[in-house]
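Engineer: Would you mind keeping the following structure in view while I ask a few things?
The values are calculated or read from the model by the stated rules, or taken from the named source; none is laboratory data. These numbers were taken from a predicted model, which means no experiment stands behind them. Positions of Cβ are backbone-derived with ideal geometry, glycine not excepted, and every protein chain shown enters the neighbour counts.
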Amino acid sequence: MKRLPTHLPSLGLAPMEGVTEFPTRLWFSLLGHFDSMGTPFLRVTESFPHGDIPFAWAPELFDPTLHGRLPYTLTPQIMGIDPERLKEVGAKILQHSPLVELNCGCPSPTVYGKGAGSGLLTHPGEFGTLLQDLSHHLGHTQFAAKIRVGIHCPSEFGALLHELQHTSLARLSIHARTRQQKYTGQADWTLISQAAEVLDYPVWASGDILSMEDIRNKSQMFPKISGMLMGRGLLRNPWMLAQHSHMSLDQISTDLQIYAYMHLLYRLDLPQLIRFTTQEIYPHREAVSPERLAQICAKLQQVIHRYPQQPKAERQVLGRVKLLYNYLRSSLPADYFCPPILRAKSIGEFFQLLSTVTPTQHHAHIQLQVQTMYNWMYSGEARPK
């Protein structure tokens, strides 16, 4: 793993629903240096959560054996519309975390229709009042928000920025698209830069980061931005921050197997995954070499084999592996884009099919480069003609 240049802003894994669970966060920490990682949003309703915050949502916060061991800080994210419930749940999280973030950007029709996520941006004045209320009760040095630049068009951002100038936050993260855009079109980083120029707290940026070159270029173009969050770009090249331009099929397969085994152990025995993390992965807070990754993979496989087969858990994990590979294949040579791999019926079959794409070249180095011709597949846009 190459050392990142020291002049870059802070770098983080963006919160992604159904993706950035604990094993995914742990896995990414093995592949590159992250200053911050986001949880999937915790949906706060009238009836959930009551009592304790779900342990599995953020073991990094609740298990003392992980404290100080992991090479990243956690950004726990909540989503909801009831200010009193958000204060209640936020305060519980802050008993274990120095920061809690409100999701004001999710574009999902279901979420938006209930007024949550990006729905909170519909009325800028009400949005500002909510943020000021939560910041006052939770503490402006502990409360953060993640937003989009508007609902229908970027011109709405001015009214939102006006409210943000009257709000104190620990951090503001901006995905530079509107709710209507979802993930289509181009993220407008000039709007993020505008916010970074006038707000007196850190502004982080998100949108269209597909390579280390993008990170370097954007950090030079927008020097006031404090940090960058990466989401779908990291799924397309998980080794982006390790700055690997080429990798062997053996190493790619090993790393993907670690991903699968971590997710499986997370579902079978979370306490054992935590013990494995503290004893085998991060007995000390230090970077993990490729040789150590191969050892970790072998030891994880041994641990997994102690458990009886769990078809439901294995199906869930296979779905996670396929989702990741569907993104990753857009950074691999054309042979690896073949659909049969995604039709695998088991985890074992998936890796068997992967190994047969170029059966005589397991040690040859494969180029890793995001193919922009496939951008439409991951944005929701129609296929170009």
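Engineer: Kindly indicate whether any position in region 248-258 is outside any helix (DSSP H, G or I), touching a residue at least 40 places away in the same chain (Cβ under 8 Å) and loosely packed, with under 15 Cβ neighbours inside 10 Å.
Structural biologist: Kept after step one, since they are outside any helix (DSSP H, G or I), are these residues of region 248-258: 248.
From what's left, touching a residue at least 40 places away in the same chain (Cβ under 8 Å): 248.
Filter once more, so that each one left must be loosely packed, with under 15 Cβ neighbours inside 10 Å: none.
For region 248-258, residues outside any helix (DSSP H, G or I), touching a residue at least 40 places away in the same chain (Cβ under 8 Å) and loosely packed, with under 15 Cβ neighbours inside 10 Å: absent.
Engineer: Anything in region 148-192 that is surrounded by fewer than 22 Cβ atoms within 10 Å (Cβ to Cβ), among the polar types (S, T, N, Q) and in a loop (DSSP other than H, G, I, E, B)? List them, or say none.
Structural biologist: If the condition is that a residue be surrounded by fewer than 22 Cβ atoms within 10 Å (Cβ to Cβ), among the polar types (S, T, N, Q) and in a loop (DSSP other than H, G, I, E, B), then Gln165, Ser168, Gln180, Thr184, Gln186 are the ones that fit.
Engineer: Return yes when Leu265 is of a type in the set (A, V, I, L, M, F, W, C), under 29 Å from Gln310 (Cβ atoms) and in contact with a helix residue (DSSP H, G or I) (Cβ under 6 Å, 6 or more places away or on another chain) and no when it is not. Quick ask: steps written out before the conclusion?
Structural biologist: Numbers: of a type in the set (A, V, I, L, M, F, W, C): yes; under 29 Å from Gln310 (Cβ atoms): yes; in contact with a helix residue (DSSP H, G or I) (Cβ under 6 Å, 6 or more places away or on another chain): yes.
So Leu265 passes the test.
Engineer: Which of the helices (runs of 4 or more DSSP H) found entirely inside region 290-385 contain at least 3 residues meeting this: β-branched (Val, Ile, Thr) and in contact with a helix residue (DSSP H, G or I) (Cβ under 8 Å, 6 or more places away or on another chain)? Even if it seems obvious, please write down each step before you answer.
Structural biologist: Values: elements: 290-304, 311-328, 347-355.
Where helices (runs of 4 or more DSSP H) fall fully within region 290-385 and carry at least 3 residues being β-branched (Val, Ile, Thr) and in contact with a helix residue (DSSP H, G or I) (Cβ under 8 Å, 6 or more places away or on another chain), they are 290-304.
Engineer: Suppose we keep only residues that are touching a residue at least 40 places away in the same chain (Cβ under 8 Å) and in contact with a Lys or Arg (Cβ under 9 Å, 6 or more places away or on another chain) within region 288-313. Which one would you say is surrounded by the most Cβ atoms within 10 Å (Cβ to Cβ)?
Structural biologist: The qualifying residue surrounded by the most Cβ atoms within 10 Å (Cβ to Cβ) is Ala313.
Engineer: Pairs please, first residue from region 1-27 and farther than 26 Å from Val321 by Cβ, second anywhere and in a helix (DSSP H, G or I) and modelled with pLDDT of 80 or more, Cβ atoms under 6 Å, 6+ apart in sequence or on different chains.
Structural biologist: Qualifying pairs under 6 Å: Leu8/Ser219; Pro9/Ser219.
Engineer: Residues in region 261-271: is at least one among the aromatic types (Phe, Trp, Tyr) and surrounded by 21 or more Cβ atoms within 10 Å (Cβ to Cβ)?
Structural biologist: The initial filter retains those residues of region 261-271 that are among the aromatic types (Phe, Trp, Tyr), namely 261, 266.
Going one step further and asking which of them are surrounded by 21 or more Cβ atoms within 10 Å (Cβ to Cβ), we end up with 261, 266.
The answer is yes; a qualifying residue exists.
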